[in-house]
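For reference, the structure discussed in these notes is given below.
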Amino acid sequence: MNEHDEHPLHLDGNALAGPLGEVFLVDPTTAWRRCPSCLRPSTLAELHVYGPEPGLTARCPGCAAVALRVVTQPGHLWLQLGGGAGAFRFSRPRIMP
Ligand SMILES: [Zn+2]
């Protein structure tokens with residue numbers, strides 16, 4: 001069994017580029033982190049992303065610990081870093097039809 005068999009049915013972290021690109025001025029997919037649970041280093045693009053409802057949940061490719069969650073609503077974007085409490089809410093630019 002390889003790592004892809006352990007956590008099937010996910011996208012890679014590039015799926016987060018759209019919603020996070022609305023609030024970050026730099027490409028967020030190149031952000032680096034070390035998992036606090038298994039100490040595996042990875043970029044945001046390497047995370048395993050599940051969703052889309054009720055939001056996108058990105059998990060460590062090594063141990064599946066929650067790295068972040070993103071929920072978009074009209075006018076707002078909620079960003080939760082890690083698996084604990086403490087989400088950040090960002091205002092989203094209004095998109096005109
Ligand atoms: Zn991990």
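Observations on the structure shown:
- Of the residues making up region 35-46, those that are near the ligand (Cβ under 10 Å from one of its atoms) and either under 9 Å from the mean Cα position of the chain (by Cα) or buried (at least 21 other Cβ atoms within 10 Å of the Cβ) (or both) number 0.
- Of all residues in region 9-30, those being more than 11 Å from the chain's Cα centre (by Cα) and either more than 16 Å from the ligand (Cβ to nearest atom) or free of Cβ contacts under 8 Å to residues at least 40 places away in the same chain (or both) number 9.
- Positions within region 51-63 being buried (at least 18 other Cβ atoms within 10 Å of the Cβ) and either within 16 Å of the ligand (Cβ to nearest atom) or polar (S, T, N, Q) (or both), in sequence order: THR57, ALA58, ARG59, CYS60, PRO61, GLY62
- So PRO28, is it open to solvent by 70 Å² or more (accessible area, probe 1.4 Å) and modelled with pLDDT under 90: no
- Close pairs (9 angstrom Cβ cut-off, 6 or more residues apart or separate chains): on the phi > 0 side of the Ramachandran plot and touching a residue at least 40 places away in the same chain (Cβ under 8 Å) in region 45-69, acidic (Asp, Glu) and open to solvent by 20 Å² or more (accessible area, probe 1.4 Å) anywhere: ALA64/GLU6
- Residue list for region 64-86, filter: among the hydrophobic types (A, V, I, L, M, F, W, C) and away from the ligand (no atom under 12 Å from the Cβ): LEU68, VAL70, VAL71, LEU77, TRP78, LEU79, LEU81, ALA85
The values are calculated or read from the model by the stated rules, or taken from the named source; none is laboratory data. Treat the numbers as computed from the prediction; the structure is a model and nothing was measured. Ideal geometry is used to build each Cβ from the backbone, glycine not excepted, and the neighbour counts take in all protein chains shown. The protein model used for the area step is the full one, side chains on, heavy atoms only, and it has no ligands, DNA or RNA in it. Shrake-Rupley method; radii C 1.70, N 1.55, O 1.52, S 1.80 Å.
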